[in-house]
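The values are calculated or read from the model by the stated rules, or taken from the named source; none is laboratory data. No experiment lies behind these values; they were computed from the predicted model shown. Methodologically, a virtual Cβ is constructed for each residue, glycine included, from the backbone with ideal geometry; neighbour enumeration extends over all protein chains shown. We work out accessible area using only protein heavy atoms, side chains counted, and drop any ligands, DNA or RNA first. Shrake-Rupley method; radii C 1.70, N 1.55, O 1.52, S 1.80 Å.
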Amino acid sequence: MMNFKQYNNVTKIVIPNGIRLSNTKFNSAFNNMKNLQSIELTNEATSLYRSFCYCYNLKTPVCGPNIIEMNEAYWECRNLIGPAVCGD
């Protein structure tokens, strides 16, 4: 499982297409990143289960063409303002 929680001051994360990941599940990877405002994920991502819980400043939800699980992905995200940004 990937975990970016220790980077709490990060406001933007970009994981571009073409980047090979050992794990395409982002389950709980960004929880409690209270300063995170935007994120761009690789199209290879498959799961966002509880990925963004308590990311209070996240503005735009993300998804992707290969996402098969999004249960509770945006739990307690209080500032979502736009439609989900989905990959190609």
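Out of all the residues in the range 79-88, which are within 19 Å of Lys12 (Cα to Cα) and modelled with pLDDT under 80?
Gly82, Pro83, Ala84, Val85, Cys86, Gly87, listed by residue number.
Can you name the residue in the range 50-78 that is farther than 21 Å from Asn8 by Cβ and assigned to a loop (DSSP other than H, G, I, E, B) and, of all such residues, is most open to solvent (accessible area, probe 1.4 Å)?
Ile68
Determine if the range 25-41 includes at least one residue that is farther than 23 Å from Arg78 by Cβ, out of contact with any strand residue (DSSP E or B) (no Cβ under 7 Å at 6 or more places or on another chain) and either of a type outside the set (Asp, Glu) or assigned to a loop (DSSP other than H, G, I, E, B) (or both).
No - not one qualifying residue is present in the range 25-41.
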